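Each remark here refers to the structure printed beneath this line.
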Amino acid sequence: MIILFDNNCVVCRSFKNWVIRRDKKKVLRFIPNDFESVKINKIEINFEFPINTIICIDENKVYKGSRAIFLTISKTGGFLGIISKVLATPIFGYLLQPPYLIFAKNRGKFARFFDG
């Protein structure tokens, strides 16, 4: 699975580092979501390129926002992986998208709580 993330964001880098530590099977590949990195890695996405949100590409399906977060965590296994698999379903993804958008919009205010 490929995860495109904002490498300029402390919160996003902290999330990436946390997930990499939990990814025992090494199935996740994080790539900065700037145009150059996406182009170099030959990743094609069919919608306007959102540089300020997390994107997950799994089996040629593209997920954004809260679903991308929970799908990513679901691949790490364990109790959090199981819970995240449930939260990554379409209904929970729909319900959790507004809080994700609020957090994402204000992530700079949360940066001091993270070690990115």
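None of the figures in this text is laboratory data; all of them are computed from the coordinates on show. Note that this is a predicted model, so its numbers are computed, not measured. Every residue, glycine among them, receives a Cβ derived from its backbone with ideal geometry; neighbour counts consider all protein chains shown.
Structural remarks
- Residue check, Leu71 aliphatic (A, V, I, L, M) and surrounded by fewer than 16 Cβ atoms within 10 Å (Cβ to Cβ): no
- Pairs with Cβ under 8 Å, 6+ apart, first in segment 89-105 and surrounded by 13 or more Cβ atoms within 10 Å (Cβ to Cβ), second of a type in the set (A, V, I, L, M, F, W, C): Phe92/Phe70; Phe92/Val86; Gly93/Phe70; Gly93/Leu87; Leu96/Phe70; Leu96/Leu87; Tyr100/Ile69; Phe103/Phe110
- Pick from segment 12-48, criterion polar (S, T, N, Q) and in contact (Cβ under 8 Å) with a residue 40 or more places away in the chain, ranking: nearest to Phe114 (Cα to Cα): Ser14
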